[in-house]
Each structure stands twice: as structure tokens, then as C-alpha cells.
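Colleague: I'd like to ask you about the structure that follows.
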Amino acid sequence: MFRKSQQLYEKARKFIPGGVNSPARAFRAVGGNPLFIDRGKGSRIYDVDGNGYLDYVGSWGPLILGHCHPEVMAALRDVLETGTSFGASTEREVELAELIHQAFPSVEKVRLTSSGTEASMAALRLARAFTGRSMILKFEGCYHGHGDSLLVKAGSGVATLGLPDSPGVPSELARLTLTCPFNHLPAVEEAISRHKDKIGAVILEPVVGNMGCVPPQPGFLEGLRAITRQQGALLVFDEVMTGFRIAYGGAQERFGVQPDLTILGKVIGGGLPVGAYGGRDEIMSRLAPVGPVYQAGTLSGNPLAVTAGLTTLKILQRPGTYQGLERLADQLRVGLTRAANGAGVSVRVNHVGSMFTVFFTPGDSGIEPAQPGEGAGAPVTDFPSAKRSDPERFSRFFWDMLQRGIYLPPSQFEAAFLSTAHTPSDIEQTVTAAAEVFAEWSR
């Protein structure tokens, strides 16, 4: 079934570390070897052996319109005729910056980059310069790219592979990064009190995607906003995953909390490499060339990525787009939960908008009727509770679903994503496959 993928993987291992260009692709968390994908169309992808799958990875989030959306592809064909990169300013960059500002009022000015990692690193450098403070506070299980200061209890691939927190990062630098458990305000208050006037920024994914999908509990984001404002630290929302996905205005629109700085990526590139960070004018004006904080990038705002992003954002503005995604997410969440409960399998389905994760956590009180967004498994609200899920059971679920044509993230600690290309019949197919898997387990 995967003969050509296996051959390519063996060849890749000769020239690429681990045979992959990102550890998230390695399938280490689920066993076996990675698939090599040949093409995608709509809600489906096809591997080099000709197998087709309903795709719930979506290039790890940016493909909110699905694969090869005809309007995005047409726009890319048009812009290819003009060139791929100039290392100079273009009109499209200004248009994308304006769209970002309109969607995120807290982003008065924005700087484009070529990746989310790059945007995170620059945003924290800017925060430190603006506040004159060296320490940052992040949350266990939140991943903000592979910058040195951020690879501390970073979740996602780091958790999946069981790596040390930050190998290769000088201990002196790591000591400037504090960590707290997600959704625990008292821990934040204690950390900031202990390091008063030293913490320049508090950074988090407002909805975590890198320990699986974990939403903020009521009052958590509001509490962080109040604490940081009181203590003079900047609040930084990493909305690389959530921006333009859980709402057009991201977590800031959905939860009504505005940070000082925002990090964006994924959807704003429409499937091409892009990142961005922005915030209040007084903060962003510290950046070169108007201020002393240096950050640059030859390919930042390149015509291809900006065109794909512009086209995607304009399509997302159409009436009913996000309501349709919510309906699909509700159908999938309830269907998966009922399928598991009916077979006596303990799961917890977390979701926000079109992000979701099926956690195989132990049940506390037996099988209960399906509840919206939940299940019979123990709740997952932070990294410790996420780690109580059963990765071996998830691995079995991943392969059993793959055999039935459903492609899920190859890790318990990664969020899955829906797109506007998914249909109610796609969801039915997925739920039916899951019901078959759970029924087999219960025999």
C-alpha cells in the first residue's frame, strides 16, 4: 500500500536528517514511516502510491479553503507572470497589511516575515526593547517556533519526540524564559510577582494547537490582560494557528481580548510561506528603519505568498463562511463522540471553531451520553492533562483511520483542521470510519 513512499523515505534518509524537513512529518509518534504526498484537491490528498485520503491536516492549518482552491490557483498563475520576488516593496504588501489591520484592530501596524518562527523571534525582541526588560513568560505546551528563547517546554514536536526542553540553547538564555501551566492564572500571578519589573512579555497561543487543541478557560485571557497591563509587561498572542481560522479576527474577535502584539502566519499565506507580527503604533515604531530594533528579510512579503494570502482572506470575508465551518465542526465533534461512547471507548474531543483534537484520555465515571465538544474522557485543559492521554491508543486510531482513507495529524499532540472544502458527506464518511474502528476495538 505504501511501497513508493517507503522507497522515497529510504532515499531521503541518505540526504536529509531523519528523512524529513520538519520533525512533525516523521510519524515517530505513531510508528511507521511517513507518507509522501503527490497532490491535493479540495478536501483530499493523494500519496505517491495513488492512495487517496480525506485530509484533516491541511498543511498544518493554512489551507482553510482546502487544496488547490481555483481562485487562489488562478491568482498565483497571474502573479507568476510578473515575477516571483524583487527584494523591493510591492502594492500587494500594502493591501495585505490593510486587511490584517481591518480584521485585527489591535494591529495598528504590521511587519511581514517569511515564517511564524521568524515573526515570533522578532516580536519578542521588539517587546524586550520596548519594555527594557529581558525576561519572557510562556506556557507549557505552547510552541512559538524554534527560536532559542522559545524552545522551553514547547509541546508539539518536542513533546512528541521526547526531546530535552532546549538542547543547543545556552542555559544563560534559557533562564530568561519562565514557564507556567496554561489556564492557571495563580501561577502567572506568582511568577510575575517573583520577577517584578523583569518580565517584558507574556506570550501564548490563545487557543493552543501544539499540545492538541486546548481552549482557554473562561476568564483566563481576560486575567492575563489585566495582569500584564498592571505589571507593565506586553501581552503577545501567537495567532499563527488561530488567526483568520477560529474567526476572521482570530481569538481576539472570538474571545474579546486584545493583546499588545500579535503574531500571524499560515492562513495569511494561503498555503505559501509567510508570517507577520504587529501591534500598537508606539511599539511597532521602534522597528528599523524608523527605530533602533533591527529585523529584515529579503523574501518578506514576496508576491506569491502575499497574493495567495490576499485571495484567501477575501474569500473568507464572504457571508456564511465561518458559520459553515462551525456546522461542520459540530457535526464531526458530536459524531466522533457518539461513535466512541457507543463502543465504550473513552475520548475527549476538544474543539474551537475549525480546530479539533480527539484525546484518548481515561474516563473518570464510565461512559456518558455525548455532550457537545466533550466525551467520556477526562478533560484536557493544560499540558499535564494532555500528557495523560494514551499515545499508543492514538497511534492505533491514526493507522486504523488511515486504512479507511482518513488522514489525521500523526501525533496526539497536534491539532487537526477543517476546511471550507470539506462537506457534510466527508464528515459522515469520517464518523462512519471512526465508528468502525471503535466497534472493532470493543470486540
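The values are calculated or read from the model by the stated rules, or taken from the named source; none is laboratory data. This structure is a prediction, so every number in the text was calculated from the model and none was measured. Glycine also receives a Cβ, built like all others from the backbone with ideal geometry; neighbour counts cover every protein chain displayed. When the accessible area is computed, the model is the full protein with side chains, heavy atoms only, and any ligands, DNA or RNA have been set aside. Shrake-Rupley method; radii C 1.70, N 1.55, O 1.52, S 1.80 Å.
Colleague: Suppose all protein chains stay in the model; what accessible area per residue would a 1.4 Å probe give for the stretch 69-120, in Å²?
Modeller: Details: 2850 Å² over 52 residues.
Accessible area per residue: 55 Å².
Colleague: A follow-up question, please. For Ile246, enumerate residues with amide H under 5 Å from its amide H, sequence gap 5+ or separate chain, H modeled in the peptide plane.
Modeller: Residues meeting the amide H criterion: none.
Colleague: Carbon and sulfur: what percent of the stretch 285-421's accessible surface (1.4 Å probe)?
Modeller: Solvent-exposed carbon and sulfur of the stretch 285-421 make up 53 percent of the total.
Colleague: Residue by residue through the stretch 419-424, which ³J(HN,Hα) values in whole Hz follow from phi under the Karplus form 6.51 cos²θ - 1.76 cosθ + 1.60 (θ = phi - 60°), with glycine and proline marked x?
Modeller: Each residue of the stretch 419-424 in turn: 10, 5, 7, 5, 10, x Hz.
Colleague: Given contacts defined as C-alpha pairs under 8 Å and at least six residues apart, what's the relative contact order of the chain, whole-number percent? Intermediate values should be presented prior to the final figure.
Modeller: Numbers: 937 pairs, mean separation 93.8, N = 443.
Once normalised by length, the contact order is 21 percent.
Colleague: Then there's this: Using θ = phi - 60° and the Karplus form 6.51 cos²θ - 1.76 cosθ + 1.60, what ³J(HN,Hα) does each residue of the stretch 121-126 get, whole Hz, x for Gly and Pro?
Modeller: These are the phi-based 3J(HN,Hα) values: 4, 5, 4, 6, 4, 5 Hz.
Colleague: Turning to a different aspect of this structure: Ala201's amide H: which non-local residues (gap 5+, or another chain) put their own amide H closer than 5 Å, with H modeled 1.01 Å from N in plane and none for Pro or chain starts?
Modeller: For Ala201, the qualifying residues are Leu137, Leu234.
Colleague: Can you compute 3J(HN,Hα) from phi for each residue in the stretch 235-247, using the Karplus curve 6.51 cos²θ - 1.76 cosθ + 1.60 with θ = phi - 60°, rounded to whole Hz and x for Gly and Pro?
Modeller: These are the phi-based 3J(HN,Hα) values: 9, 10, 9, 8, 9, 4, 7, 7, x, 6, 10, 7, 5 Hz.
Colleague: What does the highest-first list of 416-425, 35-44, 7-16 look like by mean Cβ count within 10 Å?
Modeller: Numbers: 416-425: 20.3, 35-44: 17.8, 7-16: 13.0.
Packing order, densest peptide first, comes out as 416-425, 35-44, 7-16.
Colleague: Probe radius 1.4 Å, ligands and nucleic acids ignored: give me the carbon and sulfur share of the accessible area of the stretch 212-257 as a rounded percent.
Modeller: Values: 720 of 1400 Å².
Ligands and nucleic acids excluded, carbon and sulfur reach 52 percent.
Colleague: Among the lysines, which fall within straight-line cross-link reach of Lys198, defined as a Cα-Cα distance under 23 Å, with same-chain neighbours fewer than 8 residues apart omitted?
Modeller: Hits, sequence-local ones excluded: Lys138, Lys153.
Colleague: How much area per residue is accessible in the stretch 240-371 when the probe is 1.4 Å and only protein heavy atoms are counted (Å²)? Can you show the working numbers first?
Modeller: On the way: 4640 Å² over 132 residues.
Using a 1.4 Å probe on heavy atoms only, each residue of the stretch 240-371 averages 35 Å².
Colleague: Past 24 Å, Cα to Cα, is the threshold; run Lys109/Lys314; Lys11/Lys266; Lys41/Lys266; Lys109/Lys196; Lys41/Lys109; Lys109/Lys266 against it and keep the listed order. Walk me through the numbers before you get to the answer.
Modeller: Details: Lys109/Lys314 20 Å; Lys11/Lys266 29 Å; Lys41/Lys266 18 Å; Lys109/Lys196 29 Å; Lys41/Lys109 35 Å; Lys109/Lys266 19 Å.
Over 24 Å apart, Cα to Cα: Lys11/Lys266; Lys109/Lys196; Lys41/Lys109.
Colleague: Determine, for each peptide in 187-193, 347-353, 236-242, the mean count of other beta carbons within 10 angstrom over its residues, then list the peptides with the highest first. Working shown, then result.
Modeller: On the way: 187-193: 17.0, 347-353: 24.6, 236-242: 30.4.
Ranked by mean Cβ neighbours within 10 Å, highest first: 236-242, 347-353, 187-193.
Colleague: Return the carbon/sulfur percentage of the accessible area of the stretch 31-138, one whole number, probe 1.4 Å, all protein chains in place.
Modeller: Details: 2400 of 4800 Å².
Ligands and nucleic acids excluded, carbon and sulfur reach 50 percent.
Colleague: Placing unit charges on C-beta atoms (Lys and Arg positive, Asp and Glu negative, everything else neutral), compute the dipole magnitude of the chain about its Cα centre in debye, rounded to 20. Don't jump to the answer; show the numbers that get you there.
Modeller: Working: 42 positive and 43 negative charges, 138 e Å.
Using only the charged Cβ atoms, the result is roughly 660 debye.
Colleague: Ratio of Rg to Rh for the chain, alpha carbon only, Kirkwood? All intermediate terms of the calculation are to be shown ahead of the outcome.
Modeller: On the way: Rg = 21.3 Å, Rh = 22.3 Å.
My calculation of the ratio gives 0.96.
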